[in-house]
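K.L.:
Just passing along the structure, written as structure tokens.
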Amino acid sequence: MSILDTALLEADSDQLLVAVRALLTAKGILSPEEIAERISITDKGSPAQGARMVARAWTDPDYRARMLADATAAAEEMGIMMRGMPPLGVLENTPSVHNLVVCTLCSCYPRAVLGYPPFWFKSAAYRARAVRDPRGLVAEWGTQLADDVKVRVVDSTADYRWMVLPMRPAGTETWGLEQLAAIVREGDMIGVSVPTA
Ligand code: FE
């Protein structure tokens, strides 16, 4: 595809977006304020927010328990606005179970917490291989899972979004919250990688 074709496609999608927003407002389905609020929630999302939740769960057993029971409430507790968003679930990695999140249908992702999904998350290759060969897939991120570790692949949907609580790496016992949050990457919360000290 030429640069010109790409530019034309982008122009078309911009016009389409403007038209859809105008229709939603005209039909009284959403107000311009609601659309603006939703855009602002998504724009505030970033892997750093998820990393703060992970670091707190590593250091605060009560928060960890609340997060595993109701991650939507646990996100709100950290100041992340979840109103109008699908419920969030957190999957805990353990020495015997490693979790990997995919949206097999499209690109469902906990955007309010982690922001926009990485480009590969939306690719047909990732979506297919996460199901067919999850061990081979995560190995491409350098994640070697022992044979006795069970890999659980979880489908994010329009109704429920998932994020992974990775295991706290050894050697970080004396670290504070900020230092811990700094080693938690986007892929660690999807399950393609694991944090290292
Ligand atoms: Fe999806």
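The values are calculated or read from the model by the stated rules, or taken from the named source; none is laboratory data. A quick note: this is a predicted structure, and the numbers were derived from the prediction, not measured. Neighbour counts are summed over all protein chains in view; Cβ atoms, including those assigned to glycine, are modelled from backbone coordinates with ideal geometry.
K.L.:
Among the candidates 164, 153, 194, which residue alone is outside the structural domain of residue 53 (by TED's automatic domain parsing) and in contact with a helix residue (DSSP H, G or I) (Cβ under 7 Å, 6 or more places away or on another chain)?
P.N.:
So the residue among 164, 153, 194 that is outside the structural domain of residue 53 (by TED's automatic domain parsing) and in contact with a helix residue (DSSP H, G or I) (Cβ under 7 Å, 6 or more places away or on another chain) is 194.
K.L.:
Taking the criterion of being within 16 Å of the ligand (Cβ to nearest atom) and outside any strand (DSSP E or B), would at least one residue in region 150-157 satisfy it?
P.N.:
yes
K.L.:
Give the residues of region 25-45 that are farther than 14 Å from residue 112 by Cα and part of a loop (DSSP other than H, G, I, E, B), sorted by residue number.
P.N.:
27, 28, 29, 30, 31
K.L.:
Within the group 95, 110, which residue is surrounded by 14 or more Cβ atoms within 10 Å (Cβ to Cβ) and not aromatic (Phe, Trp, Tyr)? Explain how you work it out, then say what you get.
P.N.:
Working: 95 fails: surrounded by 14 or more Cβ atoms within 10 Å (Cβ to Cβ).
One residue alone meets the criteria, 110.
K.L.:
Then there is this: Select the helices (runs of 4 or more DSSP H) contained entirely in region 46-149, then report the ones holding at least 3 residues which are in contact (Cβ under 8 Å) with a residue 60 or more places away in the chain and within 16 Å of the ligand (Cβ to nearest atom).
P.N.:
Filter on region 46-149 gives 111-114.
K.L.:
Let me ask something else about it. Of everything in region 72-88, what is within 15 Å of residue 52 (Cβ to Cβ) and loosely packed, with under 14 Cβ neighbours inside 10 Å? Give them in sequence order.
P.N.:
If the condition is that a residue be within 15 Å of residue 52 (Cβ to Cβ) and loosely packed, with under 14 Cβ neighbours inside 10 Å, then 79 is the only one that fits.
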